[in-house]
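The values are calculated or read from the model by the stated rules, or taken from the named source; none is laboratory data. It should be emphasised that the depicted structure is a prediction, and the values quoted were computed from it without experimental measurement. No Cβ is skipped: glycine too gets one built from the backbone with ideal geometry, and neighbour counts run over all protein chains shown. Accessible surface areas use protein heavy atoms only, side chains included; no ligands, DNA or RNA. Shrake-Rupley method; radii C 1.70, N 1.55, O 1.52, S 1.80 Å.
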Amino acid sequence: MTERRVILSGSTFEERIGYARAVVDGDWVHVSGTTGYDYATMTISDDVVEQAEQCLRNVGAALAEAGCTFADVVRVRYLLPERADFEPCWPVLRRCFGEVRPAATMLVCGLADPRMRFEIEVDARRGSGGC
């Protein structure tokens, strides 16, 4: 039987909405849409690049708890309310994904809170990155 477990980040949204930051299902790790909230303080920067950096810290923490790294990411989805905010974040994203080259999609859409300017969702397969 395949191992299935949930990873919680401590975000109040997980309890209020009813989801997990990530789900581990065998070797697969599915990380929910993750925004730039600092879950320790439940604050969010106004700056989109800072939000992207915090998104990656949050995603990285979930991946680490699942036994993965960014090298194991095979799929990433970027969700932004404003198309113009994407390009300023490219250098931040390239630091994590530039060598990995996961399949990627960027969508322009509304997010749950108007302060949110960047959200990332990833799928990873443990051990696929050779790390």
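Side notes on the structure shown:
- Filtered residues of the stretch 103-119 (kept if assigned to a loop (DSSP other than H, G, I, E, B) and buried (at least 19 other Cβ atoms within 10 Å of the Cβ)): 116, 117, 118
- Close contacts from the stretch 14-37, counting a first residue that is more than 20 Å from residue 54 (Cα to Cα) and a second that is assigned to a loop (DSSP other than H, G, I, E, B) and open to solvent by 20 Å² or more (accessible area, probe 1.4 Å), with Cβ to Cβ under 7 Å and a gap of 6+ residues or different chains, come to 24/3; 25/2; 26/2; 26/3; 27/126; 27/127.
- Residues that are open to solvent by less than 10 Å² (accessible area, probe 1.4 Å) and either free of Cβ contacts under 8 Å to residues at least 40 places away in the same chain or in contact with a strand residue (DSSP E or B) (Cβ under 6 Å, 6 or more places away or on another chain) (or both) were ranked within the stretch 69-94; the one that is farthest from residue 106 (Cα to Cα) is 72.
- The lone exception for residue 123 - which of (1) modelled with pLDDT under 95; (2) over 15 Å from residue 36 (Cβ atoms) it fails: (1)
- Verdict on residue 100 being of a type outside the set (Ser, Thr, Tyr), part of a loop (DSSP other than H, G, I, E, B) and open to solvent by less than 70 Å² (accessible area, probe 1.4 Å): yes
- Checked against (1) modelled with pLDDT of 95 or more; (2) at negative phi; (3) in a loop (DSSP other than H, G, I, E, B), residue 93 meets all criteria but (3).
- So residue 63, is it over 22 Å from residue 110 (Cβ atoms) and not in a loop (DSSP other than H, G, I, E, B): yes
- Selection of the stretch 5-51 for residues being charged (D, E, K, R), open to solvent by 40 Å² or more (accessible area, probe 1.4 Å) and not in a loop (DSSP other than H, G, I, E, B) yields 5, 15, 16, 25, 38, 50.
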